[in-house]
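The values are calculated or read from the model by the stated rules, or taken from the named source; none is laboratory data. Everything numeric here is computed off the predicted structure, so don't read it as measured data. In this analysis, Cβ positions are derived from the backbone assuming ideal geometry, glycine residues included, and neighbour counts consider all displayed protein chains.
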Amino acid sequence: MTDVSIVAEGLAKQYRIGARRSGADLGWGYRTLRDAVSDAVSRPFRRTRRWPQGNAESGDPGTTIWALRGVSFQIGQGEIVGIIGRNGAGKSTLLKILSRITEPTKGYVELRGRVGSLLEVGTGFHPELTGRENLYLNGAILGMRRIEIQRKFDEIVAFAGIDRFIDTAVKHYSSGMYTRLAFAIAAHLEPEILLVDEVLSVGDAQFQRKCLDKMEDVSRGGRTVLFVSHNMQAVVRLCPRSILIEDGLVLKDGPTDEVVGAYLSAGLGTSAAREWRDLPSAPQGEVARLVAVRVLDDQGQVAQAVDIRRPVVFEVEYDVLRGGHPLRTHFELRNHRGVEAFSGHDLDPAWRHRPRPAGRYRTRVTVPGNLLAEGTMFLTIGLTALEPRNHQFYLRDIVAFQVMDTIDGDSARGDFGGHMGGVVRPKLSWDNAYEPGGTAQEGQAVDQ
């Protein structure tokens, strides 16, 4: 790798549980955020920066936790790399170290270029400042001159779609507005390295597509992108290379197809059911609130894996909070490459275009057997209120399941052991007609 943008060597991060003590007490060479900011301001911005290597001891395992344990990798200039793993694996901690929000306990990082980052919603924003003021503040933090920021100002505001609110204090912004402005700033102020965490899940589907397109543009411009996401379709689409982190360790680093496959086969990915027991925190709109999404087998049991020959059922459970509106459930089904197999919406004649009273509902749709191809499938679900039309919730890739096929002659595969492509695999009816003799003369070769 000739032009390297990021070098991470032996990165480890230890946190102490339930204690607030000074770095001297801990003996880790730890610095406060104030120390780090003071150090950064007291020296000029540099194109190449290196975190000092720590030499922490292991600490008491009963009161400490290792978020990262010996993470090493190199990322070249212009690469776009996905960082995947389950919640708590250490992905966000890694990006915080790369963003200089926190320091490693052990190891070091070299960053060769100006870094722009989009982490938790609101990181880097002052709530009392307006969107305009935060835009200039973030540009200054990136080391940009005022004239450079002014040149990009209109483009950033247009991308974020918040021109009416640009002079409003950001403490009044919704999480979606925060995210749109933060991403627009991070992507348009031309950092050599762009770090993006899962916060894109806050935006709507249209804005997510805009962000993915923009990250592709950034990478084509020779800049480096690290993208943390649970959205495997977005990772496969965007990142030729990915890194799988589990329990603070690099489990796999390589082509995204292989890394995503390892992630899913290890059972680290999305499950076949998602339920919200804390209902106030569940996805909801003004009319309805999601309670659960499940993938079921033909016996009504939650199914992480289904036989290709058997039906599979998608179940959406939700509460109607305000009666009097017609509602429509809809779904999209994609494979792990992000290719959509098909979509559908509720056509139950008993409720079609009928206002629904308040209460709990359970909508099921059955996909027949011998239709889906084998592999991992991701289910996106949504609920729309009609008259007037208003999305209540839309959750992309909220659950996933495996479609299993075997070579036993009873599915579309038959006894064929080779590769079969496509996102669907219907079992078709085949017929061969045979005419004895045909037109071939005796002794003439016939192609078989």
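Kindly list the number of the only condition in (1) in a helix (DSSP H, G or I); (2) at pLDDT below 90 that fails for R21.
Condition not satisfied by R21: (1).
Looking at (1) closer than 26 Å to R356 by Cβ; (2) in contact with a Phe, Trp or Tyr (Cβ under 7 Å, 6 or more places away or on another chain), which is the only condition G300 fails?
Tallying (1) closer than 26 Å to R356 by Cβ; (2) in contact with a Phe, Trp or Tyr (Cβ under 7 Å, 6 or more places away or on another chain), G300 fails exactly one: (2).
Looking at P357, P349, which is the one that is free of Cβ contacts under 8 Å to residues at least 12 places away in the same chain, surrounded by fewer than 12 Cβ atoms within 10 Å (Cβ to Cβ) and not small (G, A, S)?
Of P357, P349, the one residue that is free of Cβ contacts under 8 Å to residues at least 12 places away in the same chain, surrounded by fewer than 12 Cβ atoms within 10 Å (Cβ to Cβ) and not small (G, A, S) is P349.
Scan the stretch 362-377 and tell me whether some residue there is over 21 Å from G422 (Cα atoms), surrounded by fewer than 16 Cβ atoms within 10 Å (Cβ to Cβ) and more than 22 Å from the chain's Cα centre (by Cα).
Within the stretch 362-377, one or more residues are over 21 Å from G422 (Cα atoms), surrounded by fewer than 16 Cβ atoms within 10 Å (Cβ to Cβ) and more than 22 Å from the chain's Cα centre (by Cα).
Just for the stretch 95-107: of the residues that are in contact with a Ser or Thr (Cβ under 9 Å, 6 or more places away or on another chain) and hydrophobic (A, V, I, L, M, F, W, C), which one is surrounded by the most Cβ atoms within 10 Å (Cβ to Cβ)?
Going through the qualifying residues, I end up with L98.
Select from the stretch 281-330 the residues that are in contact (Cβ under 8 Å) with a residue 24 or more places away in the chain, aliphatic (A, V, I, L, M) and assigned to a loop (DSSP other than H, G, I, E, B) and list them in ascending order.
V287, A303, I308, L321
Could you tell me which of the residues E110, E155 is more than 30 Å from A67 (Cβ to Cβ), in contact (Cβ under 8 Å) with a residue 12 or more places away in the chain and surrounded by fewer than 16 Cβ atoms within 10 Å (Cβ to Cβ)?
Residue meeting the stated conditions: E155.
Looking at (1) out of contact with any Leu (no Cβ under 7 Å at 6 or more places or on another chain); (2) within 30 Å of P240 (Cα to Cα), find the lone condition where A262 falls short.
Unmet for A262, out of (1) out of contact with any Leu (no Cβ under 7 Å at 6 or more places or on another chain); (2) within 30 Å of P240 (Cα to Cα): (1).
Restricting the search to the stretch 308-326, which residues are charged (D, E, K, R), more than 27 Å from the chain's Cα centre (by Cα) and under 30 Å from K427 (Cβ atoms)?
Across the stretch 308-326, the qualifying residues are R309, R310.
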